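Below is one structure, written out as structure tokens; comments come after it.
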Amino acid sequence: MTRQRQADLFLVLTTVIAACGWIFSREAISGMPVFAFLGLRFFGAALVLLPFCRGQRIALEKVRQVVISGVWMALNLCLWIWSVSTTPSLGEGAFIMSLSMLFVPLVAWVMLKNRPARAYWECLPVAIVGLALLSLHMPITFHASQGWFLLTAFVQSIYFCYTSRCAREVPLLPLTAVQLAITGIAGLVISALFESWTQPFTSTTAMWLAASILIATSLRFGLQLQGQKYAAVASAAIIMVLEPLLTVIAASIWYGERLPLQKILGGVLILLAQIWFRWRMIVRLPSKP
């Protein structure tokens, strides 16, 4: 197997694990407080990652920047886990969350002064129609979790832009470990202040928590790093768009969730808008000599 195909396989596995991670999280929070799960999952993942950071140091003048990126990640994931705990449909939430990559050019316009390309404005109306089909019911109603997922997608785009700038100047593994640790600490603090354990911590819940730490966080991160290191930009961009579609399939298999045709069409339009935008951006990249 060539290195290129191996990298593509790693990225496909990453999206499969990410989709399964939604199920792991939903199952875990059914047996323990929401933010306690978040804290234990990401602080545990930071501890798993810590030994691999050996010999990689963060310059003192970059510590503030790294901490801020960790705060953005913590806010992003706190909103995400709350959305997961309140949504009646994981698949619908995954499609809405995928909009974060279409929010990125707008955020980069404000933060980095990078004006969105023409392709972005071509794709945006398609994504908006997709979101409308996905979110609106007849008669017109709006579930609160849809708003939470939309807010989470926007915050994730800010986190993505800030971290992209930070990652150019800081070693990736220590940066990720700090981000995970800050997210974990934030979850544990929120849990200590506002949550109480009203049910026993069972072995089943412990199993889902362990799967979230080791598989959905640590293993996913390792595979994604290896995949992105050697994969072609075009294949990586398209493969990573598959996560919401795989989440719909996973939720359908595990929970028997069925999205009506209107919502499926809305999700497909969102994915098509992302694929078209990313492809146009890739085509614009200068070819290597």
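The values are calculated or read from the model by the stated rules, or taken from the named source; none is laboratory data. These numbers come from a predicted model, not from an experiment. Glycine also receives a Cβ, built like all others from the backbone with ideal geometry; neighbour counts cover every protein chain displayed. To get the accessible areas, we keep the full protein, side chains included, count just its heavy atoms, and leave off ligands, DNA and RNA. Shrake-Rupley method; radii C 1.70, N 1.55, O 1.52, S 1.80 Å.
Descriptive notes on the structure:
- Number of positions in segment 1-44 that are under 24 Å from residue 202 (Cβ atoms) and among the acidic types (Asp, Glu): 1
- Restricting attention to segment 105-129, the residues being modelled with pLDDT of 85 or more and outside any helix (DSSP H, G or I) number 0.
- Scanning segment 112-126 for residues that are open to solvent by less than 60 Å² (accessible area, probe 1.4 Å) and in contact (Cβ under 8 Å) with a residue 40 or more places away in the chain yields a count of 7.
- Checking each residue in segment 164-177 for being touching a residue at least 40 places away in the same chain (Cβ under 8 Å) and either crowded, with 22+ Cβ neighbours inside 10 Å or in a loop (DSSP other than H, G, I, E, B) (or both) picks out 169, 170, 171, 175, 176, 177.
- Filtered by the rule that a residue be part of a helix (DSSP H, G or I) and either within 23 Å of residue 128 (Cα to Cα) or open to solvent by 70 Å² or more (accessible area, probe 1.4 Å) (or both), segment 244-263 gives 244, 245, 246, 247, 248, 249, 253, 254, 255, 261, 262, 263.
- Within segment 130-150, restricting attention to residues that are surrounded by 15 or more Cβ atoms within 10 Å (Cβ to Cβ) and among the aliphatic types (A, V, I, L, M), the residue that is modelled with the highest pLDDT is 150.
- When residue 3 is tested against the conditions (1) more than 20 Å from residue 188 (Cα to Cα); (2) buried (at least 16 other Cβ atoms within 10 Å of the Cβ); (3) of a type in the set (D, E, K, R), the lone failure is (2).
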